[in-house]
Amino acid sequence: MFVKSTRKLLSCIAVHVIVLSASAAVYNPPNASDFSGTTASGLLWSAVATGTALPIRTSAVSSFNGLPGAVVYFNTVTGQLQVDPKGYDLNAVIITYTTGIVNIASSTPGPFTYGSFTNVNAYSPSSGTPRVFPAVQSVSGLTPTTFASRVGETIGAPLSPSLTSVGDPGNIASSGNSGFWNMGWSFPLDLVSSGSLSSMDISNFKTIGQNSNANANILGYGLGFSTFQYGINGVVGTQVGAVIPVAVVPEPSTYALLGAASLAIGAISRRRGSRR
């Protein structure tokens with residue numbers, strides 16, 4: 001009876017853990033309390049997170065000019081990366097992590113890992129387990145970048161596939177019929193290698209080749225440091241946004257479930273040992 005009850009408990013725990021794993025990639029933006037400290041230039045990270053510090057810049061006459069820009073959140077505890085488009089229709093998102101200052105190549109060392117989900121296999125299905133990038137309407141054009149030092153995607157026909165707006169919450173990042181990236185997106189929890197996390201420095205997220213952009217060194221780490229590159233449909237020019245460190249510890253319930261599983265496994269082992 002004890003073993004049956006314990007097995008039943010383990011089954012329930014397994015279901016909960018699977019659910020947690022499946023929902024881990026659903027966009028979950030940090031709270032204001034999750035930001036702490038200042039940038040090298042003295043700006044509060046909480047203020048940078050609003051997008052106002054690195055606003056949209058365009059050489060053309062545009063109503064977008066000066067509006068709060070998109071941002072990326074980097075969880076320094078778990079390594080998770082999240083994109084916050086701030087509601088704009090993004091047509092490109094490029095995140096680069098490198099200790100160098102020149103453009104990277106596919107062989108450049110970096111913290112990003114993909115398993116078998118590289119190139120077109122990195123697109124998520126519309127439902128089921130999410131992969132690296134949001135689900136697309138159909139595969140065409142340029143493939144996403146899945147380098148160890150860069151993760152990036154161009155969005156929208158004719159150059160690249162358009163995103164789909166139909167699917168599970170953790171698999172899509174487009175609303176309406178735009179086909180562009182306009183919803184928050186969480187990259188997989190294991191995109192950043194656990195072995196790399198402890199040595200990662202926020203300033204090594206870099207935008208290469210955009211040193212003349214007015215946003216390039218507002219944060220004070222150096223030209224293009226602690227930034228990522230993106231584009232907005234209908235806005236002239238490449239945009240430079242902030243990569244913002246946050247420290248959010250996983251929910252206590254996750255630890256509780258894993259702890260309960262360990263206790264239950266131990267109980268089964270002890271029970272079997274006593275029978276012998």
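The values are calculated or read from the model by the stated rules, or taken from the named source; none is laboratory data. For clarity, every value in this text was computed on a predicted model and none was experimentally measured. Using ideal geometry, Cβ is built from the backbone for each residue, glycine included, and neighbour counts are taken over all protein chains shown.
What do you reckon, is residue 77 of a type in the set (A, V, I, L, M), touching a residue at least 12 places away in the same chain (Cβ under 8 Å) and under 15 Å from residue 243 (Cβ atoms)? Judged against the criteria, residue 77 is not a match. Residues of segment 202-234 that are of a type in the set (A, V, I, L, M, F, W, C) and in a loop (DSSP other than H, G, I, E, B): 208, 214, 216, 218, 219, 223.
Against the numbered list (1) modelled with pLDDT of 95 or more; (2) under 25 Å from residue 36 (Cβ atoms), residue 250 comes up short only at (1).
Keeping to segment 58-71, report how many residues are in contact (Cβ under 8 Å) with a residue 24 or more places away in the chain and surrounded by fewer than 22 Cβ atoms within 10 Å (Cβ to Cβ). Total satisfying the criteria: 5. Per the listing 151, 132, 139, the residue uniquely in the same structural domain as residue 232 (by TED's automatic domain parsing) and without any contact (Cβ under 8 Å) to a residue 40 or more places away in the chain is 139. For residue 126, the criteria (1) surrounded by fewer than 20 Cβ atoms within 10 Å (Cβ to Cβ); (2) within 16 Å of the chain's Cα centre (by Cα) hold in every case but one, which is (2). In the condition set (1) buried (at least 18 other Cβ atoms within 10 Å of the Cβ); (2) more than 15 Å from the chain's Cα centre (by Cα); (3) in a loop (DSSP other than H, G, I, E, B); (4) not β-branched (Val, Ile, Thr), residue 100 is compliant with all but (1). Among the residues of segment 175-202, those identified as over 24 Å from residue 59 (Cβ atoms), touching a Gly at 6+ places or on another chain (Cβ under 7 Å) and surrounded by 18 or more Cβ atoms within 10 Å (Cβ to Cβ) are 179, 192.
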